[in-house]
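The block underneath contains the structure these notes are about, expressed in structure tokens.
Bear in mind these aren't lab numbers, they're just calculated from the coordinates by the rules spelled out. Predicted model, so just to flag it, every value in this text is computed and none were measured. Note: ideal-geometry Cβ built from the backbone for every residue, glycine included; neighbour counts use all protein chains shown.
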Amino acid sequence: MARQRRPDDIRQGALFTGSRPRRPVVRPGRRAGTRRTPTPIRTPGKKIWLSATGIETHRRCPRCFWLQYNLRIYQPEGIVSRLANRFDGVIKRYFDLYRGTNELPPLVAGQVVGRLESPFQELYFATLNQRYGFKGKLDECLVRPDGRYTPVDHKTASSDPNTREIIPAYQFQLDSYAWLLGQNEKPTSGLGHLIYFYPAESQHLHQGFPMEVTIKTLTTKPTSVRPILEQAISLLEGPLPAPADDCPFCLYVEQVKRF
Ligand code: SF4
């Protein structure tokens with residue numbers, strides 16, 4: 001579960017859902033190119049590996065993305081939940097019970113096509129140029145009867161995902177996995193699955209805590225991935241971008257610096 005963002009969900013949610021009151025943003029001299037761009041830290045001969053999580057940071061705030069990849073400066077993590085990570089491990093071990101068999105885990109049988117890849121390759125890499133590459137870590141992969149691969153990502157959710165739209169980060173995640181599979185000579189089915197696990201209501205919690213499972217199947221667009229990665233590389237090679245206007249952290253730093 002890249003869950004991605006799993007542990008970060010709480011932190012990111014607090015940052016980007018507008019849960020904090022907005023204040024007028026005054027950042028004299030903070031637009032791109034108006035300040036000296038620091039020299040990026042580079043290790044000669046070592047590639048910079050972009051990831052779906054990094055690209056999501058790029059979408060949210062190009063400046064944060066630039067600082068992370070060029071200077072290894074990250075936002076402070078704060079208090080995060082490790083519950084989703086724990087879920088990931090439990091679900092993976094459950095799926096592993098069916099790996100190497102012709103059966104699918106009963107939780108998903110009849111809802112997806114194929115068998116679990118066996119042995120399972122979790123990590124994929126693709127070189128973009130001499131300095132950059134892209135890497136991805138799949139939660140699961142199905143192999144269809146025609147030999148085509150379908151990437152799968154597990155998501156721990158708080159409620160039924162049918163009540164909301166698929167967020168762009170999840171679409172990109174599956175697109176990028178499909179692209180990586182293709183780059184590694186594994187033909188893809190054109191589909192990807194998000195398997196959501198979320199708590200269900202029950203009057204019998206003492207008999208076990210029930211979880212609902214919902215599968216969302218998306219059409220993957222691997223051809224959309226390379227242009228997005230090229231855009232991210234151009235940004236990293238350019239000047240330090242301006243901060244996002246709706247992020248409270250840089251605004252906070254800007255304001256406290258005056259005292
Ligand atoms: S505005 Fe500042 S703290 Fe907020 S995401 Fe961008 S660089 Fe990071």
Can you list the lysines whose alpha carbon is less than 21 Å from that of LYS137, not counting same-chain residues fewer than 8 positions off? LYS46, LYS47, LYS92, LYS155, LYS186, LYS216, LYS221
Once you keep just the Cα pairs under 8 angstrom separated by 6 or more residues, what percentage relative contact order results for region 118-197? 34
Quick one: compute a quarter of the convex hull surface over the Cα atoms of the chain and quote it in nm². 17.2
To the nearest 0.05, the calculated FRET efficiency linking ARG93 and GLN255 through their beta-carbon distance, R0 being 41 Å, is 0.30
Residue separation between LYS221 and GLU165 times 0.36 nm, minus their alpha-carbon distance, gives in nm 18.4 nm
Over the chain, what relative contact order in percent results from Cα pairs under 8 Å that are six or more residues apart? 24
In whole Hz, the Karplus estimates of ³J(HN,Hα) for region 245-253 (6.51, -1.76, 1.60; θ = phi - 60°; x where Gly or Pro) are 5, 9, 9, x, 5, 5, 4, 4, 4
Residues of region 45-74 with amide nitrogen under 15 Å from the 7 Å Cα-to-Cβ point of ASP245? 61-62
Using a Gaussian network model of the chain whose springs link C-alpha atoms within less than 10 Å, name the residue from PRO168, PRO76, PRO248 with the highest mean-square fluctuation. PRO76
Helix-only estimate, please: 222 nm mean residue ellipticity of the chain, summing -39500 (n - 2.57) across DSSP H runs of length 4 or more and dividing by its residues, to the nearest 500. -10000 deg cm²/dmol
Taking each pair of distinct Cα atoms in region 41-149 once, what is the resulting Kirkwood hydrodynamic radius in Å? 17.0
In a shell of Cβ-Cβ distance under 10 Å around PHE65, excluding PHE65 itself, what net charge do Lys and Arg (+1) and Asp and Glu (-1) give? +2
Mind checking region 111-204 for GluC sites (Glu not before Pro) that DSSP puts in a loop (not H, G, I, E or B) and that have at most 10 other Cβ atoms within 10 Å? GLU165, GLU185, GLU201
Give me THR39, THR150, THR223, THR217 sorted ascending by neighbouring Cβ count inside 10 Å, so fewest comes first. THR39, THR223, THR217, THR150
